[in-house]
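Visitor: Sharing a structure, written as structure tokens. Questions coming.
The values are calculated or read from the model by the stated rules, or taken from the named source; none is laboratory data. Being a predicted model, the structure only gives us computed values, none of them experimental. Quick reminder, even Gly has a Cβ in these numbers, built from the backbone with ideal geometry, and neighbours come from all protein chains shown.
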Amino acid sequence: MNGVQIRIRGKVQGVGFRPFVWQLAQQLGVRGDVCNDGDGVLVRLVGDDAAFLSALTRRCPPLARIDSTETQPFVWAVAPLNFTIRQSGAGSMRTQIVPDAATCPACLAEMNNPQDRRYRYPFINCTHCGPRFTIIRAMPYDRPLTAMSPFPLCPACAAEYRHPADRRFHAQPVACAECGPRLEWRGPKGHLFGEAALDAAIARLRAGDIVAVKGLGGFHLVCDAGNRAAVATLRARKHRPAKPLAVMLANTAGLPERAIKLLASPAAPIVLLDKTQVDGLCDEIAPGLAEVGGCCRLIHCSIYFRRRWRAPW
């Protein structure tokens, strides 16, 4: 049976692109398959390829970017009966690796919902957010080739991963408290886990100590931004006598609209803010400057610290 093969290049791996293609195929009634390979994404289909390509470019997932598409005839040895996501192909790696994306609003809502099974789970993610670049060990982007490979999916996460209508359909880093990484405190008196780990970190921050928080790509050194002695100690240990320090924000209330949009974007960059817009900071955070850098990069930690510690920032 005659069909078409569509080669898609760009930022198309690790962004929920294959699930998006699958859902698009169901809506348009086309048959065939889609897979990742070293050159991007490869789609083979039988049906209205013009309508498919038009919808593909118009409704591209938020983290994805299509740089080019190439279409050529394809002859099926056996006509496909439906549309499937097939095993990733091999080949030289020329596709782009996407950066990590800040936790999306949907995941944050779940994390703050006491009725949700991922309530207070700091490593929550879906196809629209979470770790990408920093967990990839090799391409194509599939769970066995990421840092999540040692964490087999529990039945609930596996069901989400397989369900086409789920936001975590083929989300490679998907996890929960039952099967994924866990919050851990490592101190001189041993290890603590979960809420106990969080309590230990808060206690040390309250005492004016510095806590190393392991993020996706390394460690963040955290202290009370309102404690002059703690900030001075941090500067001495980092050999950073005057360069401004960034501040984790508990929320974006009262900030300029442009700053809110940037902080809520997938990139979630450090944004320059007027010092008067951030309460509770000591002058040593950004000495001699009228602005301070604010970020939500460790939003899961700052949410917990704010609620349990009641820090103004």
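Visitor: Return a yes/no flag: does the stretch 119-139 have any residue that is without any contact (Cβ under 8 Å) to a residue 60 or more places away in the chain, over 30 Å from Asn36 (Cα atoms) and either of a type outside the set (Asp, Glu) or touching a helix residue (DSSP H, G or I) at 6+ places or on another chain (Cβ under 8 Å) (or both).
Guide: Within the stretch 119-139, one or more residues are without any contact (Cβ under 8 Å) to a residue 60 or more places away in the chain, over 30 Å from Asn36 (Cα atoms) and either of a type outside the set (Asp, Glu) or touching a helix residue (DSSP H, G or I) at 6+ places or on another chain (Cβ under 8 Å) (or both).
Visitor: Within the stretch 125-141, work out how many residues are under 18 Å from Pro61 (Cα atoms) and assigned to a loop (DSSP other than H, G, I, E, B).
Guide: Narrowing the stretch 125-141 to residues under 18 Å from Pro61 (Cα atoms): 125-133, 141.
Now restrict to residues that are assigned to a loop (DSSP other than H, G, I, E, B): 125, 127-128, 131-132, 141.
Within the stretch 125-141, residues that are under 18 Å from Pro61 (Cα atoms) and assigned to a loop (DSSP other than H, G, I, E, B) number 6.
Visitor: Being among the charged types (D, E, K, R) and in a helix (DSSP H, G or I) narrows it down to one residue among Lys243, Lys261; which is it? Walk me through how you get there before you give the answer.
Guide: Values: Lys243 fails: in a helix (DSSP H, G or I).
Criteria check complete, one pass: Lys261.
Visitor: Name every residue in the stretch 98-124 that is in a loop (DSSP other than H, G, I, E, B) and within 15 Å of Pro266 (Cα to Cα), in order of residue number.
Guide: Here is the first cut: in the stretch 98-124, the ones in a loop (DSSP other than H, G, I, E, B) are 98-100, 102-104, 112-124.
Correct list: Val98, Pro99, Asp100, Ala102, Thr103, Cys104, Ile124.
Visitor: Can you go through Leu272, Leu255 and tell me which one is touching a Gly at 6+ places or on another chain (Cβ under 7 Å), outside any helix (DSSP H, G or I) and not acidic (Asp, Glu)?
Guide: Working: Leu255 fails: touching a Gly at 6+ places or on another chain (Cβ under 7 Å).
Just a single option satisfies the conditions, and that option is Leu272.
Visitor: Kindly establish whether Cys60 is part of a loop (DSSP other than H, G, I, E, B), hydrophobic (A, V, I, L, M, F, W, C), outside the structural domain of Phe169 (by TED's automatic domain parsing) and surrounded by 15 or more Cβ atoms within 10 Å (Cβ to Cβ). If you could, list the steps in order and put the result at the bottom.
Guide: On the way: part of a loop (DSSP other than H, G, I, E, B): yes; hydrophobic (A, V, I, L, M, F, W, C): yes; outside the structural domain of Phe169 (by TED's automatic domain parsing): yes; surrounded by 15 or more Cβ atoms within 10 Å (Cβ to Cβ): yes.
Judged against the criteria, Cys60 is a match.
Visitor: Moving on. crowded, with 16+ Cβ neighbours inside 10 Å, touching a residue at least 12 places away in the same chain (Cβ under 8 Å), in the same structural domain as Pro266 (by TED's automatic domain parsing) and in contact with an Asp or Glu (Cβ under 8 Å, 6 or more places away or on another chain): is that true of Leu198 in this structure?
Guide: Judged against the criteria, Leu198 is not a match.
Visitor: Out of the stretch 6-33, which residues are buried (at least 23 other Cβ atoms within 10 Å of the Cβ) and either part of a strand (DSSP E or B) or charged (D, E, K, R) (or both)?
Guide: Listed by number, the residues that qualify are Ile8, Arg18, Gly32.
Visitor: Please list, ordered by first then second residue, the pairs with beta carbon atoms under 9 Å, 6 or more apart or interchain, first in the stretch 264-278 and touching a residue at least 24 places away in the same chain (Cβ under 8 Å) and within 18 Å of His128 (Cβ to Cβ), second acidic (Asp, Glu) and surrounded by 12 or more Cβ atoms within 10 Å (Cβ to Cβ).
Guide: Between residues of the stretch 264-278 that are touching a residue at least 24 places away in the same chain (Cβ under 8 Å) and within 18 Å of His128 (Cβ to Cβ) and residues that are acidic (Asp, Glu) and surrounded by 12 or more Cβ atoms within 10 Å (Cβ to Cβ), the close pairs are Pro266/Asp100.
Visitor: Does Ala175 satisfy the condition of being modelled with pLDDT of 95 or more and either assigned to a loop (DSSP other than H, G, I, E, B) or over 30 Å from Gln27 (Cα atoms) (or both)?
Guide: In short, yes.
Visitor: Which condition from (1) in a strand (DSSP E or B); (2) at pLDDT 95 or above; (3) under 27 Å from the mean Cα position of the chain (by Cα) is the one that Asn36 breaks?
Guide: Tallying (1) in a strand (DSSP E or B); (2) at pLDDT 95 or above; (3) under 27 Å from the mean Cα position of the chain (by Cα), Asn36 fails exactly one: (2).
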